[in-house]
């Protein structure tokens, strides 16, 4: 059983960033403390690559998406303090841009024992690209991240969570061994090429987080979210998504 916790921005003061998935540094610190007290054991990204399907002991993996500057400024110190490793999914074209991690910071995160995963080159939706464009996205991101870390990246999270069989095949052909999707759920018998996760959002309460740690929380809101995502334009989907999550918070 593997619990994959997925985070996005982690800010000292998230009030000026209304995105659903932006949380505070204090919230992440509390999550790490609760994880340390739970019976679920942390596993390193390298162990994840060899995780047997029939292993029953519950374990968790921390992942952080999009390579934003706060991952170096706020997340890395907390992980170092708690001696926890994580996977950072970094869009390679964003490196050295304003608001994103620099080349030197990616190198330092890797030296600290964290894994830098693939998240596309341009952080654009990849499942609807042509075959050549998909392979270009993989080649550019693999080459750049590999050069910075000294290791060929083997873990991939599709931008936006958009995934299909064609993109999965291209990832595997590129040497990817683990694919983390945005499908909500727990990995009771892990398929490393289609790992489910629990995305952490700003409305998640302490009670809900503890339910997740006991594998009791359900994905009702995320099922509705995914249904909206398939049929609505992105701007309309994001407005309804945030309203939906806020409504469920008040229930």
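Every residue in the range 67-76 that is in contact with a strand residue (DSSP E or B) (Cβ under 7 Å, 6 or more places away or on another chain) and not in a strand (DSSP E or B), please. Result: 67, 69, 70, 71, 74, 75. Against the conditions (1) buried (at least 21 other Cβ atoms within 10 Å of the Cβ); (2) under 30 Å from residue 36 (Cα atoms); (3) touching a helix residue (DSSP H, G or I) at 6+ places or on another chain (Cβ under 7 Å), residue 120 satisfies every one except (2).
Among the residues of the range 48-61, the ones that are within 17 Å of residue 155 (Cβ to Cβ) and surrounded by 13 or more Cβ atoms within 10 Å (Cβ to Cβ) come to 6 in all. In this structure, is residue 29 in contact with a helix residue (DSSP H, G or I) (Cβ under 6 Å, 6 or more places away or on another chain), more than 20 Å from residue 121 (Cβ to Cβ) and surrounded by fewer than 21 Cβ atoms within 10 Å (Cβ to Cβ)? For residue 29, the condition - in contact with a helix residue (DSSP H, G or I) (Cβ under 6 Å, 6 or more places away or on another chain), more than 20 Å from residue 121 (Cβ to Cβ) and surrounded by fewer than 21 Cβ atoms within 10 Å (Cβ to Cβ) - is met.
For residue 62, the test of being assigned by TED's automatic domain parsing to the domain that holds residue 154, free of Cβ contacts under 8 Å to residues at least 60 places away in the same chain and touching a strand residue (DSSP E or B) at 6+ places or on another chain (Cβ under 8 Å) is passed. The helices (runs of 4 or more DSSP H) falling completely within the range 93-175 include none with 1 or more residues that are outside the structural domain of residue 42 (by TED's automatic domain parsing) and either closer than 18 Å to residue 71 by Cα or in contact (Cβ under 8 Å) with a residue 12 or more places away in the chain (or both). Taken over the range 22-34, the criterion of being within 15 Å of residue 212 (Cα to Cα) and more than 17 Å from the chain's Cα centre (by Cα) is satisfied by 30, 33, 34.
The values are calculated or read from the model by the stated rules, or taken from the named source; none is laboratory data. Remember, it's a predicted structure, so these values are computed and weren't measured experimentally. As a convention, Cβ positions derive from the backbone with ideal geometry for all residues, glycine included, and neighbour counts pool all protein chains shown.
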